[in-house]
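Working notes for the structure below.
The values are calculated or read from the model by the stated rules, or taken from the named source; none is laboratory data. Predicted, not measured: the structure shown is a model, and the values here were computed from it. Here the Cβ is made from the backbone with ideal geometry for all residues, glycine too, and neighbour counts use every protein chain on show. Side chains included, ligands, DNA and RNA excluded: accessible areas come from the protein's heavy atoms. Shrake-Rupley method; radii C 1.70, N 1.55, O 1.52, S 1.80 Å.
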Amino acid sequence: MTGRAPITILPLMTTDPIPGIHRVLGIETSCDETAAAVVDGGAHIASSVVSSQIDLHARYGGVVPELAGRAHVELLTPVLADALDAAGSDTSGAGIDAVAVTYGPGLIGSLLVGVAEAKALALAWDVPFVGVNHLEAHLFASLLEQPDLGWPLVVLLVSGGHTLLVEVSAPGRYRLLGGTVDDAAGEAFDKVARFLGLGYPGGPAIDAIADDGDPTAFAFPRAFLDDGYDFSFSGLKTSVVNMVRKHPGVATADVAASFRQAVVDVLVAKARRAAREVGAKALCLAGGVAANSLLRQRAEQACTEDGIGAFLPTRALCTDNAAMVAAAGWWRLGHVGPSPLTLGADPNLRLVPTA
Ligand code: KG4
Ligand code: ZN
(Lines give C-alpha, C1' and ligand atoms only; values in the text may rest on other atoms or scores of the structure.)
(Ligands and ions follow the chains in the order given, each with its own letter.)
Protein backbone atom coordinates (compact mmCIF):
# COMPACT_ATOMS: atom_id res chain seq x y z
CA MET A 1 0.00 0.00 0.00
CA THR A 2 1.52 3.28 -0.96
CA GLY A 3 1.11 6.58 0.82
CA ARG A 4 0.35 7.25 4.44
CA ALA A 5 -0.86 10.81 3.98
CA PRO A 6 -3.80 12.22 5.86
CA ILE A 7 -6.94 11.85 3.81
CA THR A 8 -10.17 13.75 3.57
CA ILE A 9 -12.04 14.73 6.27
CA LEU A 10 -15.38 14.15 7.78
CA PRO A 11 -16.11 16.68 10.48
CA LEU A 12 -19.44 16.31 12.13
CA MET A 13 -22.00 19.02 12.15
CA THR A 14 -25.17 19.47 14.07
CA THR A 15 -26.57 22.21 11.90
CA ASP A 16 -27.15 22.31 8.17
CA PRO A 17 -23.90 23.18 6.33
CA ILE A 18 -25.44 25.67 3.92
CA PRO A 19 -28.58 27.49 4.95
CA GLY A 20 -31.48 25.95 3.09
CA ILE A 21 -29.70 22.64 2.38
CA HIS A 22 -31.35 20.14 4.66
CA ARG A 23 -32.90 17.35 2.59
CA VAL A 24 -30.47 15.56 0.26
CA LEU A 25 -31.27 12.91 -2.35
CA GLY A 26 -28.43 10.34 -2.59
CA ILE A 27 -27.80 8.07 -5.57
CA GLU A 28 -25.48 5.02 -5.57
CA THR A 29 -24.69 2.96 -8.69
CA SER A 30 -20.98 2.21 -8.35
CA CYS A 31 -21.21 -1.58 -8.52
CA ASP A 32 -24.16 -3.97 -8.45
CA GLU A 33 -26.58 -2.16 -6.16
CA THR A 34 -28.93 0.47 -7.56
CA ALA A 35 -29.81 2.68 -4.61
CA ALA A 36 -31.50 5.96 -3.80
CA ALA A 37 -32.17 7.58 -0.44
CA VAL A 38 -33.41 10.81 1.07
CA VAL A 39 -31.54 11.98 4.19
CA ASP A 40 -32.35 15.00 6.33
CA GLY A 41 -29.61 17.06 7.93
CA GLY A 42 -26.96 14.44 7.10
CA ALA A 43 -28.30 12.15 9.80
CA HIS A 44 -31.96 11.24 9.58
CA ILE A 45 -32.90 8.69 6.91
CA ALA A 46 -36.29 9.63 5.46
CA SER A 47 -36.11 6.80 2.91
CA SER A 48 -33.56 4.32 1.60
CA VAL A 49 -34.19 1.96 -1.30
CA VAL A 50 -31.65 -0.61 -2.49
CA SER A 51 -32.23 -2.86 -5.48
CA SER A 52 -29.63 -5.59 -5.62
CA GLN A 53 -28.57 -7.19 -8.89
CA ILE A 54 -27.38 -10.35 -7.12
CA ASP A 55 -29.66 -12.68 -9.12
CA LEU A 56 -28.49 -11.15 -12.39
CA HIS A 57 -24.80 -11.78 -11.69
CA ALA A 58 -25.04 -14.99 -9.61
CA ARG A 59 -24.89 -17.31 -12.61
CA TYR A 60 -21.55 -15.76 -13.64
CA GLY A 61 -20.03 -16.00 -10.15
CA GLY A 62 -19.30 -12.27 -10.01
CA VAL A 63 -20.36 -8.87 -11.26
CA VAL A 64 -20.39 -8.55 -15.07
CA PRO A 65 -19.72 -4.83 -15.68
CA GLU A 66 -21.73 -4.49 -18.89
CA LEU A 67 -24.77 -6.19 -17.36
CA ALA A 68 -24.47 -4.07 -14.21
CA GLY A 69 -24.50 -0.84 -16.24
CA ARG A 70 -27.55 -1.92 -18.24
CA ALA A 71 -29.40 -2.99 -15.10
CA HIS A 72 -28.73 0.40 -13.47
CA VAL A 73 -30.29 2.09 -16.52
CA GLU A 74 -33.43 -0.01 -16.06
CA LEU A 75 -33.62 0.11 -12.28
CA LEU A 76 -32.62 3.62 -11.35
CA THR A 77 -35.85 5.33 -12.44
CA PRO A 78 -38.17 3.08 -10.35
CA VAL A 79 -35.74 3.03 -7.41
CA LEU A 80 -35.62 6.83 -7.42
CA ALA A 81 -39.40 7.07 -7.64
CA ASP A 82 -39.76 4.71 -4.65
CA ALA A 83 -37.21 6.60 -2.55
CA LEU A 84 -38.81 9.97 -3.30
CA ASP A 85 -42.30 8.63 -2.67
CA ALA A 86 -41.32 7.02 0.64
CA ALA A 87 -39.86 10.36 1.77
CA GLY A 88 -43.11 12.16 0.96
CA SER A 89 -41.75 13.74 -2.21
CA ASP A 90 -42.15 12.84 -5.87
CA THR A 91 -40.32 13.09 -9.16
CA SER A 92 -40.92 16.85 -9.21
CA GLY A 93 -38.27 16.94 -6.47
CA ALA A 94 -40.53 18.76 -4.03
CA GLY A 95 -38.61 19.45 -0.83
CA ILE A 96 -35.27 18.12 -2.11
CA ASP A 97 -32.49 20.66 -1.48
CA ALA A 98 -29.56 18.94 -3.21
CA VAL A 99 -28.59 15.80 -5.16
CA ALA A 100 -25.54 13.71 -4.16
CA VAL A 101 -24.11 10.84 -6.18
CA THR A 102 -21.20 8.39 -5.98
CA TYR A 103 -18.78 9.38 -8.76
CA GLY A 104 -16.05 6.83 -7.92
CA PRO A 105 -14.42 4.44 -7.34
CA GLY A 106 -16.37 1.71 -9.09
CA LEU A 107 -17.33 0.34 -12.49
CA ILE A 108 -17.23 3.11 -15.09
CA GLY A 109 -20.40 2.09 -16.92
CA SER A 110 -22.31 1.81 -13.64
CA LEU A 111 -21.00 5.07 -12.20
CA LEU A 112 -21.95 6.99 -15.33
CA VAL A 113 -25.60 6.00 -15.00
CA GLY A 114 -25.87 7.50 -11.52
CA VAL A 115 -23.77 10.57 -12.29
CA ALA A 116 -25.79 11.42 -15.41
CA GLU A 117 -29.09 10.98 -13.56
CA ALA A 118 -27.94 13.09 -10.61
CA LYS A 119 -26.83 15.93 -12.86
CA ALA A 120 -30.10 15.82 -14.82
CA LEU A 121 -32.20 15.95 -11.63
CA ALA A 122 -30.11 18.74 -10.11
CA LEU A 123 -30.54 20.77 -13.30
CA ALA A 124 -34.24 20.03 -13.61
CA TRP A 125 -34.93 20.81 -9.96
CA ASP A 126 -32.47 23.73 -9.87
CA VAL A 127 -30.66 22.45 -6.76
CA PRO A 128 -26.92 21.89 -6.06
CA PHE A 129 -25.21 18.75 -7.36
CA VAL A 130 -22.42 17.08 -5.37
CA GLY A 131 -20.15 14.14 -6.23
CA VAL A 132 -19.23 11.78 -3.41
CA ASN A 133 -16.32 9.37 -2.99
CA HIS A 134 -17.79 5.90 -2.37
CA LEU A 135 -15.18 5.13 0.32
CA GLU A 136 -15.92 8.35 2.16
CA ALA A 137 -19.60 7.44 1.94
CA HIS A 138 -18.92 4.10 3.67
CA LEU A 139 -17.27 6.00 6.51
CA PHE A 140 -20.40 8.12 6.83
CA ALA A 141 -22.54 5.02 7.32
CA SER A 142 -21.27 4.81 10.90
CA LEU A 143 -21.90 8.47 11.56
CA LEU A 144 -25.50 8.13 10.35
CA GLU A 145 -26.24 5.86 13.28
CA GLN A 146 -23.85 7.26 15.85
CA PRO A 147 -22.94 10.90 15.22
CA ASP A 148 -21.22 11.28 18.60
CA LEU A 149 -18.42 8.72 18.21
CA GLY A 150 -15.43 9.65 20.35
CA TRP A 151 -12.13 10.84 18.90
CA PRO A 152 -9.65 9.62 17.96
CA LEU A 153 -11.08 6.52 16.39
CA VAL A 154 -9.93 3.80 14.04
CA VAL A 155 -12.07 2.71 11.08
CA LEU A 156 -11.67 -0.68 9.42
CA LEU A 157 -13.21 -0.31 5.96
CA VAL A 158 -13.60 -3.74 4.41
CA SER A 159 -15.59 -4.21 1.20
CA GLY A 160 -15.51 -6.09 -2.09
CA GLY A 161 -13.03 -3.67 -3.59
CA HIS A 162 -11.20 -2.18 -0.60
CA THR A 163 -9.53 -3.03 2.68
CA LEU A 164 -8.39 0.09 4.52
CA LEU A 165 -7.42 0.89 8.08
CA VAL A 166 -7.97 4.57 8.76
CA GLU A 167 -7.14 6.67 11.80
CA VAL A 168 -9.44 9.55 12.64
CA SER A 169 -7.25 11.66 14.89
CA ALA A 170 -9.78 14.43 15.37
CA PRO A 171 -13.09 15.34 13.81
CA GLY A 172 -12.22 15.87 10.18
CA ARG A 173 -8.69 14.45 10.18
CA TYR A 174 -8.15 11.05 8.64
CA ARG A 175 -4.90 9.17 8.10
CA LEU A 176 -4.47 6.02 6.06
CA LEU A 177 -2.68 3.45 8.24
CA GLY A 178 -2.69 0.52 5.85
CA GLY A 179 -4.46 -1.34 3.09
CA THR A 180 -4.36 -4.56 1.15
CA VAL A 181 -1.40 -5.30 -1.08
CA ASP A 182 -3.47 -7.68 -3.22
CA ASP A 183 -7.07 -8.89 -2.81
CA ALA A 184 -9.61 -6.95 -0.77
CA ALA A 185 -11.14 -8.92 2.10
CA GLY A 186 -14.55 -9.16 0.37
CA GLU A 187 -12.86 -10.21 -2.86
CA ALA A 188 -11.16 -13.06 -0.98
CA PHE A 189 -14.53 -14.15 0.44
CA ASP A 190 -16.08 -14.01 -3.04
CA LYS A 191 -13.24 -15.92 -4.73
CA VAL A 192 -13.07 -18.65 -2.10
CA ALA A 193 -16.86 -19.04 -2.12
CA ARG A 194 -16.81 -19.34 -5.87
CA PHE A 195 -14.14 -22.04 -5.69
CA LEU A 196 -16.12 -23.90 -3.03
CA GLY A 197 -19.27 -23.69 -5.19
CA LEU A 198 -21.10 -21.56 -2.63
CA GLY A 199 -22.37 -19.00 -5.11
CA TYR A 200 -22.29 -15.22 -5.24
CA PRO A 201 -21.87 -13.03 -3.31
CA GLY A 202 -19.47 -15.16 -1.37
CA GLY A 203 -19.25 -13.29 1.92
CA PRO A 204 -22.76 -14.02 3.19
CA ALA A 205 -22.58 -17.61 1.82
CA ILE A 206 -19.32 -18.38 3.64
CA ASP A 207 -20.54 -16.62 6.75
CA ALA A 208 -23.66 -18.80 6.85
CA ILE A 209 -22.04 -22.17 6.23
CA ALA A 210 -19.06 -21.40 8.47
CA ASP A 211 -21.34 -21.41 11.50
CA ASP A 212 -21.70 -25.19 11.05
CA GLY A 213 -17.97 -25.82 10.63
CA ASP A 214 -14.89 -26.21 12.81
CA PRO A 215 -12.73 -23.05 12.62
CA THR A 216 -9.69 -25.00 13.87
CA ALA A 217 -9.96 -27.75 11.23
CA PHE A 218 -7.32 -26.18 8.98
CA ALA A 219 -4.47 -23.84 9.91
CA PHE A 220 -4.62 -21.41 6.98
CA PRO A 221 -1.97 -18.64 6.85
CA ARG A 222 -2.47 -15.27 8.56
CA ALA A 223 -0.36 -12.90 6.43
CA PHE A 224 1.52 -10.01 8.10
CA LEU A 225 -0.28 -10.84 11.37
CA ASP A 226 2.22 -9.09 13.64
CA ASP A 227 3.69 -6.76 11.07
CA GLY A 228 2.41 -3.27 10.23
CA TYR A 229 -1.08 -2.39 9.06
CA ASP A 230 -1.07 -3.74 5.53
CA PHE A 231 -3.09 -6.80 4.58
CA SER A 232 -2.65 -9.65 2.10
CA PHE A 233 -5.34 -12.20 1.33
CA SER A 234 -4.24 -13.79 -1.93
CA GLY A 235 -1.88 -16.31 -0.24
CA LEU A 236 -4.71 -17.38 2.05
CA LYS A 237 -7.01 -17.88 -0.94
CA THR A 238 -4.35 -19.96 -2.73
CA SER A 239 -3.77 -22.01 0.39
CA VAL A 240 -7.50 -22.85 0.60
CA VAL A 241 -7.56 -23.82 -3.08
CA ASN A 242 -4.45 -26.01 -2.82
CA MET A 243 -5.67 -27.76 0.31
CA VAL A 244 -9.10 -28.56 -1.14
CA ARG A 245 -7.60 -29.78 -4.42
CA LYS A 246 -5.32 -32.09 -2.44
CA HIS A 247 -8.10 -33.30 -0.12
CA PRO A 248 -11.31 -33.11 -2.14
CA GLY A 249 -13.34 -34.93 0.51
CA VAL A 250 -12.98 -32.31 3.24
CA ALA A 251 -16.12 -30.80 4.73
CA THR A 252 -16.94 -27.48 3.06
CA ALA A 253 -18.24 -26.06 6.33
CA ASP A 254 -14.87 -26.74 8.00
CA VAL A 255 -13.01 -25.06 5.13
CA ALA A 256 -15.33 -22.05 5.26
CA ALA A 257 -15.06 -21.78 9.04
CA SER A 258 -11.24 -22.04 9.00
CA PHE A 259 -11.00 -19.50 6.17
CA ARG A 260 -13.36 -17.02 7.89
CA GLN A 261 -11.39 -17.44 11.11
CA ALA A 262 -8.10 -16.66 9.34
CA VAL A 263 -9.48 -13.49 7.72
CA VAL A 264 -11.09 -12.25 10.91
CA ASP A 265 -8.00 -13.02 13.03
CA VAL A 266 -5.93 -10.69 10.85
CA LEU A 267 -8.56 -7.95 10.54
CA VAL A 268 -9.23 -7.83 14.26
CA ALA A 269 -5.58 -8.12 15.32
CA LYS A 270 -4.53 -5.19 13.14
CA ALA A 271 -7.51 -3.01 13.90
CA ARG A 272 -7.02 -3.66 17.61
CA ARG A 273 -3.31 -2.89 17.48
CA ALA A 274 -4.00 0.29 15.51
CA ALA A 275 -6.65 1.35 18.03
CA ARG A 276 -4.19 0.80 20.90
CA GLU A 277 -1.35 2.63 19.19
CA VAL A 278 -3.37 5.72 18.37
CA GLY A 279 -5.20 5.63 21.70
CA ALA A 280 -8.55 5.32 19.92
CA LYS A 281 -11.73 5.87 21.88
CA ALA A 282 -13.57 3.57 19.50
CA LEU A 283 -13.16 1.11 16.68
CA CYS A 284 -15.56 1.44 13.81
CA LEU A 285 -16.36 -1.10 11.08
CA ALA A 286 -17.50 -0.13 7.58
CA GLY A 287 -18.08 -1.77 4.19
CA GLY A 288 -19.83 -4.96 3.14
CA VAL A 289 -17.52 -7.34 5.03
CA ALA A 290 -18.45 -5.48 8.23
CA ALA A 291 -21.67 -7.51 7.96
CA ASN A 292 -19.65 -10.64 8.77
CA SER A 293 -20.99 -12.16 11.95
CA LEU A 294 -17.65 -13.42 13.30
CA LEU A 295 -15.92 -10.12 12.55
CA ARG A 296 -18.64 -8.21 14.39
CA GLN A 297 -18.50 -10.55 17.37
CA ARG A 298 -14.71 -10.57 17.61
CA ALA A 299 -14.37 -6.81 17.10
CA GLU A 300 -16.90 -6.15 19.81
CA GLN A 301 -15.18 -8.57 22.17
CA ALA A 302 -11.76 -7.02 21.52
CA CYS A 303 -13.10 -3.53 22.19
CA THR A 304 -14.76 -4.62 25.41
CA GLU A 305 -11.50 -6.19 26.57
CA ASP A 306 -9.58 -3.04 25.66
CA GLY A 307 -12.13 -0.73 27.26
CA ILE A 308 -12.92 1.20 24.07
CA GLY A 309 -16.15 1.68 22.14
CA ALA A 310 -17.09 -0.55 19.21
CA PHE A 311 -19.28 0.77 16.50
CA LEU A 312 -20.77 -1.75 14.11
CA PRO A 313 -23.27 -0.23 11.67
CA THR A 314 -26.41 -2.26 11.01
CA ARG A 315 -25.93 -4.69 8.13
CA ALA A 316 -28.04 -2.62 5.72
CA LEU A 317 -25.70 0.33 6.23
CA CYS A 318 -22.54 -1.80 5.93
CA THR A 319 -23.29 -2.87 2.37
CA ASP A 320 -23.76 -0.42 -0.49
CA ASN A 321 -26.63 2.01 0.00
CA ALA A 322 -27.48 5.58 -0.93
CA ALA A 323 -28.18 6.92 2.57
CA MET A 324 -24.44 7.03 3.24
CA VAL A 325 -24.00 8.88 -0.07
CA ALA A 326 -26.62 11.47 0.86
CA ALA A 327 -25.04 11.93 4.30
CA ALA A 328 -21.54 12.34 2.84
CA GLY A 329 -22.95 14.71 0.21
CA TRP A 330 -24.63 16.87 2.84
CA TRP A 331 -21.32 17.18 4.68
CA ARG A 332 -19.37 17.85 1.47
CA LEU A 333 -21.75 20.61 0.42
CA GLY A 334 -20.97 22.44 3.65
CA HIS A 335 -17.20 21.93 3.70
CA VAL A 336 -16.21 21.83 0.05
CA GLY A 337 -19.28 23.11 -1.77
CA PRO A 338 -21.23 21.81 -4.74
CA SER A 339 -19.48 19.98 -7.57
CA PRO A 340 -19.39 21.44 -11.07
CA LEU A 341 -21.69 19.81 -13.60
CA THR A 342 -18.53 18.97 -15.56
CA LEU A 343 -17.58 16.40 -12.88
CA GLY A 344 -17.05 13.02 -14.51
CA ALA A 345 -17.16 9.49 -13.12
CA ASP A 346 -13.76 8.33 -11.81
CA PRO A 347 -13.47 4.54 -11.55
CA ASN A 348 -10.09 4.79 -9.77
CA LEU A 349 -10.95 7.55 -7.31
CA ARG A 350 -9.02 7.36 -4.02
CA LEU A 351 -9.48 9.04 -0.70
CA VAL A 352 -7.85 12.36 -1.47
CA PRO A 353 -4.77 13.37 0.56
CA THR A 354 -5.18 16.60 2.46
CA ALA A 355 -2.52 19.31 2.34
O1 KG4 B 1 -19.47 -2.54 0.48
P2 KG4 B 1 -20.03 -3.55 -0.45
O3 KG4 B 1 -21.53 -3.78 -0.43
O4 KG4 B 1 -19.65 -3.26 -1.93
C5 KG4 B 1 -18.38 -2.79 -2.27
O6 KG4 B 1 -18.19 -1.54 -2.25
O7 KG4 B 1 -17.51 -3.64 -2.53
O8 KG4 B 1 -19.28 -4.91 -0.12
C9 KG4 B 1 -19.56 -6.09 -0.82
C10 KG4 B 1 -18.64 -7.18 -0.28
C11 KG4 B 1 -18.72 -8.47 -1.09
O12 KG4 B 1 -17.40 -8.91 -1.35
C13 KG4 B 1 -19.42 -9.42 -0.14
O14 KG4 B 1 -19.06 -10.78 -0.33
C15 KG4 B 1 -18.97 -8.90 1.21
O16 KG4 B 1 -19.00 -7.50 1.07
N17 KG4 B 1 -19.87 -9.32 2.28
C18 KG4 B 1 -19.48 -10.13 3.29
C19 KG4 B 1 -20.62 -10.38 4.07
N20 KG4 B 1 -21.66 -9.68 3.53
C21 KG4 B 1 -21.17 -9.02 2.43
N22 KG4 B 1 -18.27 -10.68 3.56
C23 KG4 B 1 -18.19 -11.48 4.64
N24 KG4 B 1 -19.25 -11.78 5.43
C25 KG4 B 1 -20.48 -11.25 5.19
N26 KG4 B 1 -21.51 -11.55 5.97
ZN1 ZN C 1 -19.10 -0.30 -1.08
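For helix 108-125, what angle does its Cα long axis make with the longest principal axis of the chain, in degrees from 0 to 90 and rounded to 10?
20 degrees
For SER52, SER47, give me the order by solvent-accessible area with a 1.4 Å probe, most accessible first, ignoring ligands, DNA and RNA.
Final ranking, largest accessible area leading: SER52, SER47.
Let me check I've understood the local charge: for ALA302, count other residues with C-beta under 12 angstrom from its C-beta, Lys and Arg +1, Asp and Glu -1. What total comes out?
Net charge in that neighbourhood comes out at +2.
Run the simple label-point estimate for ARG59 and ALA116 please: 7 Å along Cα→C-beta, distance reported in nm.
Reported label-point gap for ARG59 and ALA116 is 2.6 nm.
At a Förster distance of 25 Å, what's the computed FRET efficiency of GLU74 paired with ASN348, Cβ-Cβ distance as r, to 0.05?
0.45
May I have the count of lysine pairs in the chain with C-alpha atoms under 21 Å apart, counting pairs 8 or more residues apart or located on different chains?
5
On average, how much accessible surface per residue is there in the range 313-352, in Å², for a 1.4 Å probe, leaving out ligands, DNA and RNA?
40 Å²
Using just the helices of the chain, give the 222 nm mean residue ellipticity in deg cm²/dmol: DSSP H runs with n ≥ 4 each add -39,500 (n - 2.57), and the total is spread over all residues, rounded to 500.
Mean residue ellipticity, 222 nm, calculated: -13000 deg cm²/dmol.
Rounded if a/c is under 1.5, else prolate if a/b is larger than b/c, else oblate: which is the range 137-186, with a ≥ b ≥ c the root eigenvalues of its Cα gyration tensor?
Because a/c hits 1.5 or more and a/b fails to exceed b/c, the range 137-186 counts as oblate.
Is the shape of the range 149-315 best called rounded, prolate or oblate, per the rule: a/c under 1.5 gives rounded, else a/b larger than b/c gives prolate, else oblate, with a ≥ b ≥ c the square roots of the Cα gyration tensor eigenvalues?
Judged from the Cα gyration tensor, the range 149-315 comes out prolate (a/c at least 1.5, a/b above b/c).
Quick check on packing: order 195-206, 313-324 by the mean number of other C-beta atoms within 10 Å, highest mean leading.
Highest-to-lowest ranking by the protection proxy: 313-324, 195-206.
Using 0.36 nm per residue of separation minus the Cα-Cα distance, give me the extension gain between SER92 and HIS44 in nm, one decimal.
15.1 nm
Treat every Asp and Glu Cβ in the range 149-315 as -1 and every Lys and Arg Cβ as +1, leave all other atoms uncharged, and give the resulting dipole magnitude about the Cα centre to the nearest 20 debye.
Dipole size: approximately 220 debye.
Put a dot 7 Å past each Cα toward the Cβ at ALA217 and VAL241; how far apart are the dots in nm?
In this crude label model, VAL241 to ALA217 measures out at 2.0 nm.
If one computes the Cα centroid of the range 104-176 and of the range 283-318, what distance in Å separates the two points?
19 Å
Using a 1.4 angstrom probe on the protein heavy atoms only, could you order THR252, THR216, THR77 from most to least accessible area?
From most exposed to least exposed: THR216, THR77, THR252.
Counting only protein heavy atoms and a 1.4 Å probe, tell me what percentage of the range 149-315's accessible area is made up of carbon and sulfur.
51 percent
Mind checking the angle between helix 65-86 and the chain's longest principal axis? C-alpha axes, 0 to 90 degrees, to the nearest 10.
60 degrees
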